[in-house]
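Below: the structure, in structure tokens.
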Amino acid sequence: MNYYITSLLGLLPIFIILGISFNLLLGYGGLLSVSHGGFFGVGAYVTAILIKDHQLEFIPAVLAGALLAGVLSMSVGYAAGRLSDEFLFIVTIAVQVALVELFNNLEVTGRSAGIAGIPRPTVFGQLLDTNTKVMILAWVVCALVTVLCWRVVKSPYGRLLKSLREDVPAARSLGKRALWTKVTVFAFSSAIAGMAGGLYAMHTLYISPAEFTLDRTVEILSITIIGGMAAYWGPFVGALVVLALPEALSFADIPDSVAGPINGIIYTLAVLLLLIYRPQGLLGRDPVKVAERNAARRAAKAGPDTAASTDGAVPEVSIDLFARVVEGQETAEVKTLRSEGIGIAFGGLKAVDDVTMSVRPGQITALVGPNGAGKTTVFNLLSGALKADQGKTYYGDRDISSLSIERRAQLGVVRSFQEVRLFEGMTVQENIHVAVTDIRHESLLSQFTVAAWRGRRDDADGERAEQILRSLGLHEKRHTLAKDLSYAEQKMLMMGRLLATGASCYLLDEPMSGLDQAARAQLSELLRQIVADGSTSICIVEHSMQVVREVASWVMFLDRGRLLTEGTPEDVMNDPELTAIYFGHPV
């Protein structure tokens with residue numbers, strides 16, 4: 001009985017490590033991979049081969065296995081950055097099948113027979129010659145992985161992961177490196193799974209391809225779902241359930257021939273019931289209820305009058321918001337965003353044709369025209385969301401035509417979308433905090449520097465985020481989920497998030513749409529503040545001619561993908577021919 005209990009206690013930390021690694025990938029990163037069982041096997045085989053055939057100690061052997069698993073998974077991470085979720089699912093299935101086939105056919109892996117007679121591990125010259133010692137080793141590694149991953153999920157890198165989970169295009173428009181972040185989280189997660197594989201080989205002393213099939217990935221997925229996605233301690237509970245369930249069935253009087261199918265049915269039912277009645281898992285917390293609880297706690301502390309004062313109201317914008325946002329930043333070089341003859345076609349349709357335009361500092365430029373004129377497509381070309389078929393785009397003296405949307409944002413050209421596109425599953429403060437954080441402090445490796453562990457830099461970013469929220473009139477709702485704000489508040493949060501990047505050129509796609517007169521006045525005042533310093537430029541797409549008259553100093557008229565004219569708002573709007581085109585009347 002002691003041997004049995006020790007064996008289970010030795011397996012439990014291995015399953016916990018697998019759950020933590022997969023939760024990092026799926027729960028925090030929003031990336032579903034079904035090749036995790038294969039990378040678990042890579043770590044197991046490399047560790048077993050190095051210890052048995054090359055007499056290495058456990059630590060270098062398991063690190064080599066983790067490293068190889070991480071490197072192999074980088075190709076999957078690259079696919080995650082380039083493919084939709086559906087195609088990523090197919091790619092990871094293919095990787096899983098390929099890895100199992102390699103295990104089955106390579107001589108070094110023992111083919112289908114696997115590797116038997118794996119020696120007991122040695123750590124710092126000490127032979128771990130009993131199951132109890134191996135169990136203790138597994139728990140020590142589990143504790144180290146727990147601390148390591150806790151640091152990752154609570155760091156700027158973890159916050160970036162959550163923003164990519166919520167909305168990749170929105171994160172990229174803030175200058176965030178989506179592709180590289182996905183590659184690194186796949187590599188890190190798979191390396192941890194490979195480490196768990198090395199421990200598994202030391203625990204069982206025999207491994208075969210049957211241990212690392214798709215069924216193993218389903219087990220790992222079950223751990224994450226049962227414990228709760230993005231619930232950090234969820235894998236501890238999920239691993240306990242997944243490990244205890246088959247062991248409980250082994251005590252039942254069930255024939256071996258049907259025990260496996262029954263086990264699978266129970267797994268399936270457990271996961272389905274959780275998805276229906278508690279989709280956040282056993283330890284997962286409903287973000288809406290958490291936000292409500294935080295709001296109730298703040299209301300109780302502040303008093304009933306204060307709690308009700310901002311509910312549904314238009315946020316009051318501080319008159320010195322932009323000055324506060326740029327305070328402490330280096331003075332930006334005055335640059336003009338301009339295009340020369342840009343164009344793009346979709347099939348046989350010329351959406352934008354030979355457009356030459358400039359967005360000058362100190363001005364609010366309005367891009368107007370009838371529906372379907374190509375205004376948003378021009379924005380996509382200027383921001384880098386689309387690559388032009390012809391022409392060049394410059395920012396200052398630099399040709400940025402070949403740069404991606406995130407590289408242009410890093411240079412100071414940011415854009416909004418027709419939809420608000422906030423990180424809805426994150427709090428108001430987290431939305432701003434993501435934008436405030438410098439990309440140099442968001443890499444995976446930078447989270448383990450001395451400065452990062454002290455947290456002073458991230459605390460300073462958090463204080464700056466709170467300052468922006470105070471100026472936006474949203475500080476009282478900083479712990480509220482972004483999706484629970486009113487529409488006017490969401491628009492202000494969107495603008496605050498753009499301002500937090502410290503950019504010098506803002507491309508705003510219909511920023512006033514859906515706002516009442518009070519909210520529109522607040523946002524108009526904010527736009528005037530932004531360009532008042534003379535070094536910042538704004539270009540808006542707007543359908544309301546009243547808004548254009550109120551805020552724009554220069555207007556460009558677009559129709560059927562071509563720039564017809566430009567001038568002051570009065571000149572453009574008083575042109576009868578352009579008015580007829582705008583309202584769809586024959587000229």
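Each value in this text was obtained by applying a stated rule to the coordinates, not by laboratory testing. Just so we're clear, the structure is a prediction, and the values are computed from it rather than from any experiment. Methodologically, a virtual Cβ is constructed for each residue, glycine included, from the backbone with ideal geometry; neighbour enumeration extends over all protein chains shown.
For a modelled paramagnetic label at residue 487, 7 Å from Cα along Cα-to-Cβ, the residues of region 497-516 in reach, with backbone nitrogen under 18 Å, are 509-516.
Think of each Lys and Arg Cβ as +1 and each Asp and Glu Cβ as -1; about the Cα centre, that makes the dipole of the chain roughly 980 debye.
Straightening the chain between residue 407 and residue 532 buys 42.4 nm, computed as 0.36 nm per residue apart minus the Cα-Cα spacing.
Calculated from the structure, Rg and Dmax of the Cα atoms in Å equals which of (1) 28.2, 93; (2) 32.0, 124; (3) 30.6, 109? Answer by label: (1). Close amide H pairs (under 5 Å, H built 1.01 Å from N) link residue 422 with no residue at least 5 positions away or on another chain. Name the residue from 379, 495, 149 whose Cα lies farthest towards the positive end of the charge dipole of the chain, charges +1 on Cβ of Lys and Arg and -1 on Cβ of Asp and Glu. It is 149, whose Cα lies furthest towards the positive end. Between the beta carbons of residue 270 and residue 179, assuming R0 = 41 Å, the FRET efficiency works out to 0.70 to the nearest 0.05.
Each of 568, 217, 168 was placed along the dipole of the chain (beta-carbon charges, centred on the mean Cα), and the one lying farthest toward the positive end is 217.
As a check on your grasp of the helix formula, calculate [θ] at 222 nm for the chain: sum -39500 (n - 2.57) over DSSP H runs of n ≥ 4, divide by the residue count, round to the nearest 500. Counting only the DSSP helices, I get -18000 deg cm²/dmol. Computed from the C-beta positions of residue 130 and residue 553 and an R0 of 56 Å, the FRET efficiency is 0.10 to the nearest 0.05.
For the chain, calculate the relative contact order in percent as a whole number, restricting contacts to Cα pairs under 8 Å that are 6 or more residues apart. Dividing the mean separation by the residue count of the chain yields 17 percent. What's the FRET efficiency of residue 571 with residue 334 using the Cβ-Cβ distance as r and R₀ = 22 Å, to the nearest 0.05? After rounding to 0.05, the efficiency reads 0.30. Dipole check for region 2-212: with +1 at the C-beta of Lys and Arg, -1 at the C-beta of Asp and Glu, and the Cα centre as origin, the magnitude is about 720 Debye.
Which residues make up the longest stretch of the chain that has no chymotrypsin sites (Phe, Trp or Tyr not before Pro) in a DSSP loop with at most 15 other Cβ atoms within 10 Å?
207-582
Residue exposure proxy: 63, 275, 474, ordered by other Cβ atoms within 10 angstrom of their Cβ from fewest to most, comes out as 275, 63, 474. Here the gap between residue 247 and residue 107, fully extended at 0.36 nm per residue and compared with their Cα-Cα distance, gives a gain of 47.1 nm. Placing dummy labels 7 Å off each Cα toward the beta-carbon, the span from residue 387 to residue 8 is 5.7 nm. Hey, quick one: spin label on residue 517, modelled 7 Å out along Cα-Cβ, who in region 542-583 has an amide N within reach, i.e. under 17 Å? Residues 544-551 fall inside that zone.
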